[in-house]
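The values are calculated or read from the model by the stated rules, or taken from the named source; none is laboratory data. From a predicted model like this one, the values you see are computed outputs, not experimental measurements. Note that each Cβ is placed from the backbone with ideal geometry, even for glycine, and that neighbours are counted across all protein chains shown. The area values use the complete protein model at the heavy-atom level, side chains included, leaving out ligands, DNA and RNA. Shrake-Rupley method; radii C 1.70, N 1.55, O 1.52, S 1.80 Å.
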Amino acid sequence: MTTRPPARDEQDTKPRIGKPKRSAAGIPGVVHGLADVLDQSGVRRGVRSLRVVNQHTGFDCPGCAWPEPGKPHLIEFCENGAKAVAEETTVRRVDAAFFAAHPISELATRSDHWLGRQGRLTEPMLREAGSDHYVPVSWDDAFDIVAAELADAEPDQAAFYTSGRTSNEAAFCYQLFARKLGTNNLPDCSNMCHESSGSALTETIGIGKGSVSLADITDHAELIVIVGQNPGTNHPRMLTALEQAKDRGARIVAINPLPEAGLLNFKNPQRARGVVGKGTQLADLFLPIRVAGDLALFQAVNRRLVELDERSPGVLDHDFIDTYTTGMADAAAGWKALDQADTDAATGLSPEQIDAFVAEVERAGSIIVCWAMGLTQHKQAVPTIREIVNFLLLRGNIGRPGAGACPVRGHSNVQGDRTMGIWERPTPAFLDALRDEFGFEPPREHGYDTVQTIRAMRDGKIRVFMAVGGNFAAATPDSDVTAAALQSVPLTVHVSTKLNRSHVLPGQRSLILPCLGRTEVDVQAGGEQFVTVEDSMSAVHASRGTLAPASSALRSEVSIVCGLARRVLGADDDTPWESFTENYAEIRDRISRVVPGFADFETRIAEPGGFVLPHAPRDGRRFPTDVGRAKFTVNPLEIVHVPPGRLILQTIRSHDQFNTTIYGKDDRYRGVRGGRQVVFVNSDDLVDLGLVDGDIVDLVSEWSDHDRRASGFRVVAYPTARGCAAAYYPETNVLVPLDHTADISGTPASKSLIIRLERT
């Protein structure tokens, strides 16, 4: 194979600002996605990969967790999915010669975009203490280094982080290894995204997962409410499902501080009207809510529904409420005590706009509410999602076709990782099952979540930090604190496919262990293997790579985890780590006896499309809460007060981005090209602040300990809600204080930062 030269560094130029788009996808989406594949992978390799992505006999897209339909389309990927495949199937390589030519101090000055475009990692690399270079190391020596450090540490001095890309098989082995070592320090990316969803749903309906299927959206829902989510960029294949719902007459309400192209109009490139026509209008009603105003909105709506029912009984589903729920009277009293002025101030919406939403709800027999990180990353994220559950319970919208809660997960197996036991607060039932299957007593004390792990590293309590997948340094809050924390750890270990920010912020010693990607064939001693993943709607299916590995030195995630476990735990440990590596069916057999819903795993996963895990509220209106019923909750409203001359900032993604992976410097849906250092502000707010479109400013977040600053942002006048601003992460992670977290869930509150703008 011919290796292409590394991509050149593309420094931010002065961004070029045009008009935001009024529609998403279409032919431009196809062109941009394919162009990236052809640039990085070439025609033959690229086409070979794209034709099997998200197909029953192929591999699961390494991007988002949106489910595949029962009969996938011939082209079952989106623009950003194509870019994710391009990043993994690239023919560029980051080898020993690359690291010899690039000291760590130089790599640390490069942009995240440049680092990611250099190519696939090809062999294990070690950075020794005091060195400015990574050098090659054998797999055996790498494992010995980790084993020696762990042998000198207490179990809770190690932390094992996991990204949503990790397969079910690797995740199960990883948590088993950590718990056999003696710790529940299993932070993961869920802590930073949908932990708030899991916390709220577990408390109110008894299970921390969404309660809808893809068919509920496409075939049954009469009203779909999309709140705090931008599907056009973050889950583009969702637009196809929304278009199918619209075709049969469903209504859609979009609630978001910014008008996003994907919520307005969808040009489906697989349909004539998406190529030469006007596309499909998606949102029937758009509510430009103020940042952090969602709790107040749903409280106001719930109050109005109760008042309407008092005047005209039948608006609420009293049979459902009486049979399946508890706490309604207290919740209703809380809504009636709301102050209208507080609601207006929090939402920024007029009474007429809220009335229009209530009218949509009244007309709908079945309602689904979809949300993402626009809800989960606020201080009151958990109360907000509990209030959405209240909203659904009032009209019986859980446990019947076309109705329910739909938290849309952001990474392809982040939900599966949690199902497999990647959690710092495991349930006693899971630990009991693990004990009975493997014959050891797992630790019971809760471990560190992601934010707690950063604090522990900062405070010198962690000696080994290991990450399977992900880009911990770029994904986490308080960038300067996190960087210093990582660099203070005696040993950091990163299992990765590509170079990223975390590698250039190494611990005192640091290992990079390169692994196979989803797109690559995985051959072990027992023959060719496949892995499994779980999507946002609890469907579990197989994933099989088709390409030759990027390097003969790569190992699978399962092989790395199991090989390391054997080296660390020793020959006396009776877990068959070698058998697990040789044949992943052995792992699935153990999963089938430990994890509920996975009985007869190997047989069921062989079916096209796999199988769906049980969900008691969805499957039979059974609510496994502590009281055996769904719970209405009382959620006090805390208004975010923004001082004069300040704005409330939400961090967002560009369209040329997936999580922390930066595909390019454009965000064409918002009219931005050639740069990411921009801040979107309402034009009326700019007048009040004495600024104009085009000014260059510093963003300064205000917190009790000290101010935090991100410098050199180009102001863009944009129709966001008054008093609000938006800017891209990870560039703005530096503004998020480590202690600014959601109540209960501990998720970083990256969507509600009080900032001021200072001219640079």
Response to the item:
So the strands (runs of 3 or more DSSP E) completely within region 486-587 holding 1 or more residues that are without any contact (Cβ under 8 Å) to a residue 40 or more places away in the chain and in contact with an Asp or Glu (Cβ under 9 Å, 6 or more places away or on another chain) are 522-524, 527-529
Worksheet item: Would you call D667 under 19 Å from the mean Cα position of the chain (by Cα) and buried (at least 21 other Cβ atoms within 10 Å of the Cβ)?
Response: no
Worksheet item: Going through region 45-99 one residue at a time, which ones are among the β-branched types (V, I, T), assigned to a loop (DSSP other than H, G, I, E, B) and open to solvent by 20 Å² or more (accessible area, probe 1.4 Å)?
Response: T57, I75
Worksheet item: Is there a residue being open to solvent by less than 20 Å² (accessible area, probe 1.4 Å) and of a type in the set (S, T, Y) anywhere in region 105-118?
Response: no
Item to complete: Among what's in region 320-356 and is at pLDDT 95 or above, part of a helix (DSSP H, G or I) and of a type in the set (S, T, N, Q), pick the residue that is most open to solvent (accessible area, probe 1.4 Å).
Response: T323
Practice prompt. Determine which member of the set A429, A381, A359 is open to solvent by less than 10 Å² (accessible area, probe 1.4 Å), within 28 Å of R621 (Cβ to Cβ) and not charged (D, E, K, R).
Written response: A381
Worksheet entry | Residues satisfying the stated conditions in region 588-605, i.e. surrounded by 18 or more Cβ atoms within 10 Å (Cβ to Cβ) and in a loop (DSSP other than H, G, I, E, B) | V595, F598
Worksheet entry | Filtered residues of region 237-255 (kept if open to solvent by 10 Å² or more (accessible area, probe 1.4 Å) and farther than 24 Å from N54 by Cβ) | G249, R251
Item to complete: Taking only region 739-760 into account, find how many residues are assigned to a strand (DSSP E or B) and either open to solvent by less than 10 Å² (accessible area, probe 1.4 Å) or polar (S, T, N, Q) (or both).
Response: 4
Discussion item. Let me spell it out: the conditions are (1) surrounded by fewer than 23 Cβ atoms within 10 Å (Cβ to Cβ); (2) of a type in the set (S, T, N, Q); (3) in a helix (DSSP H, G or I), and S131 meets all of them except one. Which number is the exception?
Written reply: (3)
Fill in: Boolean, R110 is assigned to a loop (DSSP other than H, G, I, E, B) and touching a residue at least 60 places away in the same chain (Cβ under 8 Å)
yes
Worksheet item: Can you tell me how many residues in region 683-722 are surrounded by 21 or more Cβ atoms within 10 Å (Cβ to Cβ), farther than 20 Å from K14 by Cα and in contact with a Lys or Arg (Cβ under 9 Å, 6 or more places away or on another chain)?
Response: 2
Discussion item. Open to solvent by less than 10 Å² (accessible area, probe 1.4 Å), more than 30 Å from R653 (Cα to Cα) and without any contact (Cβ under 8 Å) to a residue 40 or more places away in the chain: which single residue out of A148, A178, A158 fits that description?
Written reply: A178
Worksheet item: Of the residues that sit in region 412-458 and are among the small types (G, A, S) and in contact with a Phe, Trp or Tyr (Cβ under 7 Å, 6 or more places away or on another chain), which one is nearest to D589 (Cα to Cα)?
Response: G421
Worksheet item: Can you tell me which residues in region 545-560 are within 16 Å of T532 (Cα to Cα) and surrounded by 20 or more Cβ atoms within 10 Å (Cβ to Cβ)?
Response: G545, S556, E557, V558, S559
Discussion item. Which pairs turn up if I take residues in region 608-635 that are within 24 Å of G70 (Cα to Cα) and modelled with pLDDT under 95 and look for partners that are open to solvent by 50 Å² or more (accessible area, probe 1.4 Å) and assigned to a loop (DSSP other than H, G, I, E, B) with beta carbon separation below 7 Å, at least 6 apart in sequence or on another chain?
Written reply: P608/H56; G609/H56; G609/G70
Response to the item:
Here the residues within region 209-218 that are open to solvent by less than 20 Å² (accessible area, probe 1.4 Å) and either under 17 Å from K631 (Cβ atoms) or among the basic types (K, R) (or both) are S211
Discussion item. Quick test of your reading of the structure: D698 fulfils all but one of (1) at pLDDT below 95; (2) among the charged types (D, E, K, R); (3) within 25 Å of T741 (Cα to Cα). Name the failing condition by number.
Written reply: (1)
Worksheet item: Restricting to region 12-44, what's the tally of residues that are over 18 Å from A261 (Cβ atoms), at pLDDT below 80 and within 27 Å of the chain's Cα centre (by Cα)?
Response: 1
Worksheet item: Do we find a residue being over 21 Å from L263 (Cα atoms) and modelled with pLDDT under 95 anywhere in region 683-695?
Response: no
Worksheet item: What are the residues in region 164-176 that are in contact with a Phe, Trp or Tyr (Cβ under 9 Å, 6 or more places away or on another chain) and part of a loop (DSSP other than H, G, I, E, B), if any?
Response: T166, S167
Worksheet item: Quick one: which strands (runs of 3 or more DSSP E) sit completely within region 177-283 and have at least 1 residues that are modelled with pLDDT under 95 and under 30 Å from L349 (Cα atoms)?
Response: 265-267
Discussion item. Checking the conditions here, which among N234, N230, N265 is in contact with a Ser or Thr (Cβ under 8 Å, 6 or more places away or on another chain), open to solvent by 10 Å² or more (accessible area, probe 1.4 Å) and over 24 Å from I591 (Cα atoms)?
Written reply: N265
Response to the item:
Requiring at least 2 residues that are more than 25 Å from T202 (Cα to Cα), the helices (runs of 4 or more DSSP H) wholly within region 365-483 are 428-438, 450-458, 472-475
